[in-house]
Amino acid sequence: MTSITLNIAHQTHIVKTHMARRLSEVLRDDLKLKSVKIGCDAGDCGACTVLIDGAQHCACLVPAGQADGRKIETLETSEPQLFARLQDSFLDHGAAQCGICTPGMMMAATELLRAVPSPDQAQVKEALAGVLCRCTGYHKIIAAVMDANSQTTVCPPPKAGHAVGQPIRRLDGQAKVNGTEVFGADFIPDGTLLVRAIRAQHYHADFEFGDLLAWIKMHAGVECVITAADIAGINCYGVIPPFADQPALAEKTTRYRGEPVALVVGDPKALEALGLDDFPISWTPRPHSLTQADGAGPDATLLHDHRQENTLIRGNVVSGAPDSAMVEAAHVVTGQFETSYVEHAYIEPEAGVAWMEADVLCIQACTQAPVMDLEDTAKVLGLPLNKVRIIPSAAGGGFGAKLDVTLQPLLGLAVLKTGMPCSMVFSRSESMQASTKRHPGSMQASIGADAAGKVMAMTFHGDFNTGAYASWGPTVATRVPVHASGPYLTPNYRATSRAVHTNGPTSGAFRGFGVPQAAITQESLYDDLAQKCGIDRLEFRRINALRDGDVTPCGQTLQAVGIIDCLDALKPHWDEFHAEVTAFNTTSLAHKRGIGIASCWYGCGNTGLPNPSTVRFGITPDGQFNLHQGATDIGQGSNTVIAQIAADALGVQVGMINLVGPDTAITPDCGKTSASRQTFITGRAAEASGLALRAAILRLTNLTHADEITLEGGMLCVRQDQNDQKISLKDLPADANGYVLCAEETYDPPTTTLDENGQGTPYAVYGYGAQIAEVEVDMALGTTKVLRMIAAHDVGRAINPQLAEGQIEGGIAQGLGLALMEEYLPGETENLHNYLIPTIGDMPHITSILIEIPDTEGPMGAKGLGEHVLIPTAPAILNGIHHATGARVTKVPALPHRLLAAIKASQT
Amino acid sequence: MTVINSYLRPFALEHALEELAAGSLRIAAGCTDLFPSTEHKQLQGSILDITRIKSLRGISDTDDGIRIGATTTWTDLIKADLPPACRGLQLAAQKVGALQIQNRGTIAGNLCNASPAADGVPPLLTLDAKVELQSKGGTRVVPLHDFIIGPRKTVLAETELITALLIPKSSLTGHSHFLKLGARAYLVISIAMTSARLVVRNGVVVEAALAIGSCGPVATRVPQVEAQMIGKAVDPVVITDDLVATAIDPIADMRANAAYRAISAAELLRRTVLELAMDLEAAT
């Protein structure tokens, strides 16, 4: 240990540290500058970007010794005036979603803005190129930086009752832009022990421990080793209880690379330094399969004895007479398509801390599903539900993989064994090995149409690689057959699916639950079918689009169907793009442009299963409106959207609402942040609780209506027809939760379970959308640049148009990654330089069009949006590539070598 | 086992060379490869940090050509005023990672890491760069193509340090260009990259230096292709797919298969030469 001197905010800091230590650790640990985020420890993500002598560096790549004597700037410590402007600009533009990349983005922007006060787009892209964002699609970040130094007009806050529909700033935004947001790794009390996992490095293996006690004795600072033998509860968890199959720590056999077998707990500094390669364990590798074809093959070893043919579950939806209708069809197209494992690649690896408070185990970690975490953790630990409390930290992105428990039961085991607070922070490779993925799919489908271009029949089958454990495999197997028709009237239909176990990573939930994969198949074939019918591709979709009163393949009669409106909104752009592309292609040989279109529909909420949300809305004796907003905000904006709905229902200014988060000890269950359900379902509960609280206020004041409800100095003021009624809140009796007035309402969407043919009402509300992509393909290199996208989405009612646009742009970024570059290969791409996600330079120009066809079931008409936005993107791009080149890519991602091979094949 | 780490950060080159002679040390400069190779929060092993040795950083003209100090960063190279023959090297520097990496990564580190996809190697090959190696025992100069002998393999001895890259005056003639092909816009490890330096007199190529990277175990010059260009007007057409395919031994990995690499390397090389021809035209 030596001392280094850092010059931070005009102050000299002398820090005792090892010269070889990462500067990021010194800044976070020793100086508590937590805005410096750790996303990869490899210079790949830029989340730890700081300025050293004014130039941007990844602090994770700087040995402390090299920072000695230099000026260091972080988000907390740089010049306040520029930051105030930049922060305002980020908030005004909605440039921060989850917020984990925001400090790094702002530091990179600071270097640029000092040199170029009003940068152009290209300058911003160059300057920010080293920072990855997984949420926003970068557009709003670019705009925020370009406008940081320009005068902005401040919009007045919306009046009471008029928040819905307004693009207000996110209510939880300030902490995201000033670096104070507390993510999973940001709160670790002094004296906390560190937990590290020993993980399998084989795809499938048996293992035996050696002398653990001797190993512990040999390593100073190691407190204990925890194995499956320490588990007091049931060592078997899973998001869908009937399919639960995953051990918190493997017992004798590991089924995927990265599966944890033991935990080492100890003093953080000592344990962090250990190599762990001498941990006493011996491995006996077993045969393994990594693809759905191998997993389902006759020679495959069963991963779970009771699941024959490695089949976790099959799904199907059948209606009409698809086989005979296909025979009668004038035109039939058939195709096979493959998708790859896709990694969520949130910039925040899984992290958290746990401690005992009296006899209650408290776990603060990033998550999308606090109550499910609680249930699974209690089950594994053998604790009653009321002895576990889950406190969600801010989540630095989730996209589905933070729905399953990750480190929660492991932290619990460590705390119960040591009696000490314990923390765990996954490394990037650990996160990539251990977290769930998007299911790889092998899909085949046929679609038939009559001579006029009306779709008569569709058959579809998809085998999905569900990996080692069940996770959300059943959901994918169920959702895919329900949605594989796309938002089109398909009278004769058979869609089947199968989830196949392999020794690949466990596939789980990833924005769309298998529907994006199915949409690639169906929308590609729709293009081929339109061509066969000789009908314009957009017009073909319009002919077949679902309309109000149409019946889905599940037999559900739909209302408030917005797909026609989306397609119509795209039509002028479609025509304009066509003319431009045709003109371009007449003069360009080396590069060809093309336009693609694809649609989506997506049911919001669980498929045919209950999934209620409960919202509590109370008034405190000292005069605060507390909204218990239990919908975990992982960046998508539920903290803001739910509050806007509740405020309008109650009839107060949204700024008056105090948000109480999804801590399981204080906030009722709003279910999981998945299935595009929060705006719809929690929104409905919030609307109901707002209306109920308003009714309670009117009862108390004996008024028939209220023109204004306000709180002033502990007094509730209600105005009706110029008359004020005032009630002293402190004089009212408080309920068990401390509220003098309170409403608590639950909403569960009306659905039915599906029968053996998939018939029923799987969802109460659907959202719709369609996107067009303009692409440019380099014909000799097989590279694709997406130039422009127009996205029209029917959101029912845009509660917050800016957040809705943010969802669209971010969804397009992930869809673009799915189409062109993302392919997770276990053992090969376990970092963010081999696994590629789109950078700031890969994004097309995006125009978002919000369509509002209100659904009577949604709060104020609103429908879900979060997953819809990703579904059309990849097929629109692939259809654009086909239009440009004549080549049909049937395996994504369309990496250059795959596309070039397809181009060559199409030319012969 | 717990590793006892030491961290040396000498000011004087002699001191560094003495330490290297005394024991096994890992040499650290920009750390853009060292840190990603560990998940630990500090560099492992005993470290010799050479970034305080002033004489190792910077670019200078010498009687024999240009000397690029070992710890010269990509940003230093981008900002330097260099002759047109070095433009390819500067373009390559701009394609390394993003600004954060360019601000830290050093040219010698890029060579020592010896990745098949090292961005600096193809342009340096076209400049006939030599590697100056010093140890306590003395100095030796090794041509770059003899310095990197395989993926992650160099002839650097444990007691040696790269002190500089030397570009001979004879190779500072002409113009150069560089292109990199990857699956995304920034922060990308290349599928293929090509560099070209041409000396053109009276409309005829009198000297051609072409190199291809990321397509084999080590980046390589392609003399068969170069020979086809000599004595003719600058014309990418002579760079045929077949000719390039015989000149390289392409690898297959997660980024591309071998067949694609061969085809794309040829195409990229043609484009590099075409861009270079346009630069030449603009310069005259």
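The values are calculated or read from the model by the stated rules, or taken from the named source; none is laboratory data. Just so it is clear, the model here is predicted, and its values are computed rather than measured. Here the Cβ positions follow ideal geometry from the backbone for every residue, glycine too, while neighbour counts run over all protein chains shown. Accessible surface areas use protein heavy atoms only, side chains included; no ligands, DNA or RNA. Shrake-Rupley method; radii C 1.70, N 1.55, O 1.52, S 1.80 Å.
Mind checking the mean number of beta-carbon atoms from other chains within 10 Å of the Cβ atoms in B:244-256? If you can, show how the numbers build up before the last one.
Numbers: counts 0, 0, 0, 0, 0, 0, 0, 0, 1, 3, 9, 6, 6.
The per-residue average across the peptide is 2.
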For segment A:381-395, take each phi angle, set θ = phi - 60°, evaluate the Karplus expression 6.51 cos²θ - 1.76 cosθ + 1.60, and give the result in whole Hz per residue in order, putting x for glycine and proline. 7, x, 9, x, 4, 7, 9, 10, 10, 10, 10, x, 7, 4, 9
Inter-chain Cβ neighbour average for residues A:787-797, partner chain, 10 Å: 0
Please report the relative contact order for segment A:80-154, taking Cα pairs under 8 Å with a sequence separation of at least 6, and give it as a percent rounded to a whole number. 47 percent
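Could you work out the relative contact order of chain A? I mean the mean sequence separation of Cα pairs under 8 Å and 6+ apart, divided by the number of residues, in percent.
On the way: 2407 pairs, mean separation 123.3, N = 908.
This gives 14 percent for chain A.
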Which three extents, in angstrom, do the Cα atoms of segment A:289-334 have along their principal axes, listed largest first? 45, 19, 14
Neighbourhood net charge (13 Å Cβ-Cβ; Lys/Arg +1, Asp/Glu -1) for A:Lys571: -3
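Can you order the peptides A:209-222, A:126-139 by their average number of other Cβ atoms within 10 Å per residue, highest first?
Highest-to-lowest ranking by the protection proxy: A:126-139, A:209-222.
Over both sides of the B-A contact, add up the buried accessible area with a 1.4 Å probe and give it to the nearest 100 Å².
Details: alone 13650 and 31140 Å², together 40230 Å².
What B and A bury together is about 4600 Å².
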Only four residue types carry charge here, +1 at the Cβ of Lys and Arg and -1 at the Cβ of Asp and Glu. Report the dipole size of the protein assembly as shown about the Cα centre in Debye, rounded to the nearest 20. 1280 debye
What net charge do the residues around A:Ser848 carry, taking every other residue with its C-beta under 15 Å from that of A:Ser848, with Lys and Arg at +1 and Asp and Glu at -1? -3
Quick one: which bits of segment B:94-111 get at least 30 Å² less accessible when the partner protein chains are in, versus the chain alone, with a 1.4 Å probe? B:Leu99, B:Gln100, B:Ile101, B:Asn103, B:Arg104
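Once every DSSP H run of n ≥ 4 in the protein assembly as shown is given -39500 (n - 2.57) and the sum is divided by its residues, what mean residue ellipticity at 222 nm do you get, rounded to the nearest 500 deg cm²/dmol? The partial results should precede the final answer.
Working: 32 runs with 333 residues, N = 1192.
So the helix-based figure for the protein assembly as shown works out to -8500 deg cm²/dmol.
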Loop-only trypsin sites (Lys or Arg not before Pro) in segment A:1-60, please: DSSP not H, G, I, E or B, and at most 10 other Cβ atoms within 10 Å. A:Lys32
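Summarise the long-distance tail of P(r) for chain A by giving the % of C-alpha pairs beyond 45 Å. List each step's numbers first, then the result.
On the way: 112755 of 411778 pairs.
Value for chain A (Cα pairs over 45 Å): 27 percent.
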Go through segment B:1-48 and flag every residue whose accessible area shrinks by 30 Å² or more with all protein chains in place compared to the isolated chain (probe 1.4 Å). B:Met1, B:Thr2, B:Tyr7, B:Arg9, B:Phe35, B:Pro36, B:Glu39, B:His40, B:Lys41, B:Gln42
Quick one: compute the contact order of chain B, relative version, from alpha carbon pairs under 8 angstrom and 6+ residues apart, as a percent. 16 percent
Lys/Arg Cβ at +1, Asp/Glu Cβ at -1, dipole of chain A taken about the Cα centre: which of A:Pro668, A:Asn757, A:Ala129 is farthest positive-ward? A:Ala129
Can you tell me the accessible area per residue over the protein assembly as shown, all protein chains present, probe 1.4 angstrom, in square angstrom? 34 Å²
Could you please put A:Lys592, A:Lys730 in sequence from largest to smallest accessible area, using a 1.4 Å probe? A:Lys730, A:Lys592
Would you work out which of B:Gly182, B:Val222, B:Thr194 lies farthest towards the positive end of the dipole of segment B:171-283, given +1 charges on the beta-carbon of Lys and Arg and -1 on that of Asp and Glu, about the Cα centre? B:Gly182
Long-range amide H contacts for A:Tyr237: which residues qualify at under 5 Å (H placed 1.01 Å from N, peptide plane, sequence gap of 5 or more or a different chain)? A:Asp245, A:Gln246, A:Ala248
Cut-off 10 angstrom, C-alpha nodes, Gaussian network model of chain B. Which of B:Asn113, B:Asn257, B:Asn202 fluctuates the most? B:Asn202
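In chain A, carbon and sulfur make up what percent of the accessible area (probe 1.4 Å)?
Numbers: 15080 of 28960 Å².
After summing per-atom areas, the C and S share lands at 52 percent.
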Just for segment A:413-539, what percent of DSSP beta bridges are antiparallel, to the closest 5? 45 percent
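What are the trypsin sites (Lys or Arg not before Pro) within segment A:142-212 that DSSP puts in a loop, where the Cβ has at most 12 other Cβ atoms within 10 Å?
Here the sparse-neighbourhood loop sites are A:Lys159.
Count, for each residue of A:18-27, the Cβ atoms from other chains sitting within 10 Å of its Cβ, then give me the mean as a whole number.
Average per residue, whole number: 5.
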Counting Lys and Arg as +1 and Asp and Glu as -1, each charge on the Cβ, what is the dipole of chain B about the Cα centre in debye, to the nearest 20? 500 debye
Can you tally the net charge around A:Tyr824? Count Lys and Arg as +1, Asp and Glu as -1, for every other residue whose Cβ sits under 10 Å from the Cβ of A:Tyr824. -3
Phi angles of segment A:651-658, converted by Karplus (6.51 cos²θ - 1.76 cosθ + 1.60, θ = phi - 60°) into ³J(HN,Hα) in whole Hz with x for Gly and Pro, give x, 10, 5, 5, x, 7, 8, 9
Using a 1.4 Å probe and ignoring any ligands, DNA or RNA, find the accessible area of A:Glu744 and quote it in Å² to the nearest 10. 90 Å²
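Taking 41 Å as R0, compute the FRET efficiency from the Cβ-Cβ separation of A:Leu700 and A:Thr752 and round it to 0.05.
Numbers: r = 39 Å, r/R0 = 0.96.
Efficiency, rounded to the nearest 0.05: 0.55.
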Which of the listed residues, A:His304, A:Ala583, A:Trp355, is farthest toward the dipole's positive end in chain A, when Lys, Arg count +1 and Asp, Glu count -1 at the beta-carbon? A:Ala583
